[in-house]
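What follows is a set of notes on a single structure, which appears directly below.
Any read-out appearing in this document is the output of simple, stated calculations on the displayed coordinates, not a laboratory observation. What you are looking at is a predicted structure, and each value in this text was computed from that prediction instead of being measured. Here the Cβ positions follow ideal geometry from the backbone for every residue, glycine too, while neighbour counts run over all protein chains shown.
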Amino acid sequence: MTTTLPTPHATDHLDVLESHALFILREVAAECERPVLLFSGGKDSTVLLHLAAKAFAPQALPFPVLHIDTGQNFSEVLDFRDRTVKAIGARLIVAKVQDTIDQGRVVDPGPLGSRNRLQTVTLLDAINEHRFDAAFGGARRDEDKARAKERILSFRDAFGQWDPRRQRPELWQLYQGKVNVGEHVRAFPLSDWTELDVWQYIGREKMDLPSIYFAHERDVVLRDGMWLAVSEFVEPASHEVVVRKTIRFRTVGDANCTGAVLSHASTIEAIIDEVAVANVSERGATRGDDKFSETAMEDRKREGYF
Amino acid sequence: MDLATKDLLRLATIGSVDDGKSTLIGRLLVDTRQLFDDQLDAVAAASERRGFGDLDLSFVTDGLRAEREQGITIDVAYRYATTPTRKFIIADCPGHVQYTGNMATGASTADLALVVLDVASRLKEQTRRHLCIAALLGVRSVIVAVNKMDTVGWSETAFDRAIDQIELHSRELGFTSMIMIPVSALYGDNVVEGSPNTPWYHGPTLLEALEASEAGSWETAQGARLPIQWVLRQPGGGRTYAGIVSGEAFRVGDRVTLLPANVETTITAINFGGEARLEAAVGLAADLDFADETDAGRGDLIATAPLPTITRDLQATVCWFGEQPLSVNGRRLRLKHTTRSTPVRVREIKGVIDIESLTVDPADSLSTNEIGLVSLQTADPLVVDDYREDRVTGSFVLIDEVTNATVAAGMVGHASFL
């Protein structure tokens, strides 16, 4: 017998979360006819894609990867998306919000408006077009109080809606994703992970991430209390002052509504230290799209949002 | 900052509506600084908007609009807390009887039940129901937070009366550990900090009790089990069998039996995420390779001795959540057990559990949220252990054939107190 194998180690909380996620990925892939994995290039969906590769290694992924492209992405994230999907050997489907706008399905909010809510239509159209019956997402329950209420396998009706008052009981780890034609489930293997768990796992697995997660110098403007990166999507108004700051992004969303945090954390270890002592939640710190109302996330989820 | 590895404890709050479950969890999270400033600000703003004072702590977990409007918990909220040695996954469960399915969802994965009682009221029916369900689901460790101590002038007599009632009721339920703590979720006494108002109490605070709890080790192991989820093709033409391990660990070289085919073979390799291991610990999502060619597939079980039972006839305990009663001639159902699904029919309703007396009364159907003993027959054979020996191979759900809704939680066998 070989002696070079690693000796059995005590299982810690990351091991438990990891194996649980692998179990969910396999279970949904086995039970559903046409699953898809939603991938944005953000840290959570990157962890999700990494786990999916592990769940089916050494085989290829038994489902494609779908990116809902708002057309307002950070270029670093798009580069990362293409590089990562290629490295894993997955098939990438890109569904564009711009196409949904061009088809007249939704109204263009203009260069300053948020396309966040429009993504839902593009996402549901893609799910219908490809007849997906399950969509894996990287959402975590610690992100938001409505997400905290959602099942790991979350049922969506023929209109893509989530009804928080009528969720299926979800006993033990008996996940059942059977749906009728036109309905689908969202599956969230990272449900029980916190932001800190995600970063610790990224560090442990030595995963690659988009560069904008790490501290760098950038021209920014202060708008609605958030530092926004100056780009083709964020053009400073005449009264706004452009300053150069050392920043990083704690979440990755649309360039015109994702705020940067002032930070010198340039390594994963430094980010873990920063996250561990943070006073403000990642969405509260950086996401303009969640600031509309008390139940912004619940309302969007009801419509079929991620 | 010490971020050393931690263990994981899953707990569920149980008890009746309005006894303060959500407020207690809100208090625990606030006083252990698990909440971010913006989340606290949002709770404060929501409280003020509804005229509920400075800070309604139940809003920490009651995140849905309807919950905040009605002041109740409708569905489980999952919250997370970490201390230097532990990560806690907290399922804050609803208390209303019509949301019993949601409560069972939260409790089915819990190692520990945190029972919240109102010190001033007698033991309520919902509290009894939840204690019964928690016990049936195999929860063995219980912490009882006797809440609203501030409303009885911190009276030791009132505390004693409350714990006498719950001790008397729980005696038969088979809990191995039951810790009683006088608390005020509203003011925080004995939640994270000890209280000057209860000089007669010398036990742990809630946080200390949670940190010290040894809940989590599940029952006595009855052999290693791996229900096959997926067959992985290996380069060169071989196949390995993937699933999550329960019961005991598997090691390379172990003699195992594939069930229900009843074929014996030996483990030649264990992988995790494409990397070789010598051992697959309980809870690991591993894949195994065997010495012999097999035609095993999804739904089959890999086991070491003592082997589980192969059967099409199940004697089981079920919590029924369907809108129409469960009966011999009821709607068509499917059963999901481990990774196998099969048509199933009800042969007999043997009785319904009276949650007051914990006796089984004769019945020919089970109404919504009733718990009963049933005899089921499946189309395909199942490989089962008694639920009390293995939570994975002893549990199942019933699914409505038409709507695909999950309508029952089932446990093979029945608890010793029935």
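In chain A, the calculated helix contribution to ellipticity at 222 nm averages -9500 deg cm²/dmol per residue, counting -39,500 (n - 2.57) for every DSSP H run with n ≥ 4. Rg to Rh for the range A:5-74: what is it, with Cα atoms only and Rh by Kirkwood? On the Cα set of the range A:5-74, Rg over Rh gives 1.05.
Legend: Rg and Dmax of chain A, from Cα coordinates, 19.4, 72 Å. Under a GNM of chain B (C-alpha, springs under 10 Å), which listed residue has the highest mean-square fluctuation: B:A185, B:A291, B:A408? Comparing B:A185, B:A291, B:A408 in a Gaussian network model of chain B, the most mobile one is B:A291.
Rounding to the nearest 20 debye, state how big the charge dipole of the protein assembly as shown is about its Cα centre with +1 on each Lys and Arg Cβ and -1 on each Asp and Glu Cβ.
Working: 77 positive and 104 negative charges, 252 e Å.
Approximately 1200 debye in magnitude.
Calculation over all alpha carbon pairs of the range A:127-206 in 5 angstrom steps from 0 returns a P(r) of 3, 14, 22, 23, 16, 11, 7, 3, 0 percent. Across the range B:225-303, the convex hull enclosing all Cα atoms gives 77 Å³ per residue.
Annotation: amide H of B:F290 within the under-5 Å range of B:T268, sequence separation 5 or more or interchain, hydrogens built in the peptide plane.
Derived value for the range B:309-412: Kirkwood hydrodynamic radius 13.5 Å. Basis is the mean of 1/r over every pair of different alpha-carbon atoms.
Treating the beta-carbon of each Lys and Arg as +1 and of each Asp and Glu as -1, no other charges, what is the dipole magnitude of chain B about its Cα centre, to the nearest 20 debye?
Taking the Cα centre of chain B as origin, the dipole is about 840 debye.
Think of the protein assembly as shown as having a plus end and a minus end, set by charges on the Cβ of Lys, Arg, Asp and Glu; of A:L17, B:I163, B:P199, A:L17 sits farthest toward the positive end of this dipole.
Averaging over all projection directions, the Cα-based convex hull of the range A:209-290 occupies 5.3 nm² in the image plane.
What ratio of Cα Rg to 2.2 N^0.38 Å holds for chain B?
Numbers: Rg = 23.2 Å, N = 418, 2.2 N^0.38 = 21.8 Å.
Cα Rg divided by the expected 2.2 N^0.38 Å: 1.06.
Rounded to the nearest 0.05, the FRET efficiency derived from the C-beta distance between A:A276 and B:A379 at R0 = 45 Å is 0.30.
Within 10 Å of each Cβ of A:22-31, how many other protein chain Cβ atoms are there on average? Walk me through the numbers on the way to the answer.
Details: counts 11, 9, 1, 3, 11, 6, 0, 2, 8, 5.
Per residue, the average neighbour count from other chains is 6.
Spatial offset of the range B:134-174 relative to the range A:196-242 amounts to 50 Å, using the alpha carbon center of each.
Calculated from DSSP H runs of 4 or more alone, at -39500 (n - 2.57) each and per residue, what is the 222 nm mean residue ellipticity of chain B, nearest 500? Numbers along the way, then the final one.
Working: 7 runs with 72 residues, N = 418.
So the helix-based figure for chain B works out to -5000 deg cm²/dmol.
For the pair A:L78 and A:A158, the difference between a 0.36 nm per residue extended length and the Cα-Cα distance amounts to 25.7 nm. Going from the fewest other Cβ atoms within 10 Å to the most, the residues B:L206, B:L28 appear in the order B:L206, B:L28.
Bridgeable lysines around A:K86 (alpha carbons under 24 Å apart, same-chain partners fewer than 8 residues away excluded): A:K43, A:K54, A:K96, A:K206. Across the protein assembly as shown, Cα-Cα distances exceeding 46 Å account for 19% of all pairs. Between A:H239 and A:R105, full extension at 0.36 nm per residue minus the direct alpha carbon distance yields a gain of 44.8 nm. For the range B:222-231, backbone phi angles converted through the Karplus equation (6.51, -1.76, 1.60; θ = phi - 60°) give residue-by-residue couplings of 10, x, 7, 9, 9, x, 6, 9, 7, 9 Hz, Gly and Pro being listed as x.
Can you bin the range A:59-150 into rounded, prolate or oblate? Criterion: square roots of the alpha carbon gyration tensor eigenvalues sorted a ≥ b ≥ c, rounded for a/c under 1.5, prolate for a/b above b/c, oblate for the rest.
Values: a/c = 1.43, a/b = 1.21, b/c = 1.18.
Here the range A:59-150 falls in the rounded category.
Straight-line reach from A:K245: taking Cα to Cα under 13 Å and skipping same-chain neighbours fewer than 8 places apart, the aspartates and glutamates in range are A:E217, A:D219.
The stretch between B:R251 and B:Q70 holds 59.9 nm of extra length on full extension. This uses 0.36 nm per residue minus the Cα-Cα distance.
For the residue pairs A:K149/B:K6; B:K21/B:K148; A:K301/B:K336; A:K301/B:K21; A:K149/A:K301, the alpha carbons lie more than 18 Å apart in A:K149/B:K6; A:K301/B:K336; A:K301/B:K21.
Computed from label points 7 Å out along Cα-Cβ, the spacing between B:A291 and B:D150 is 6.8 nm.
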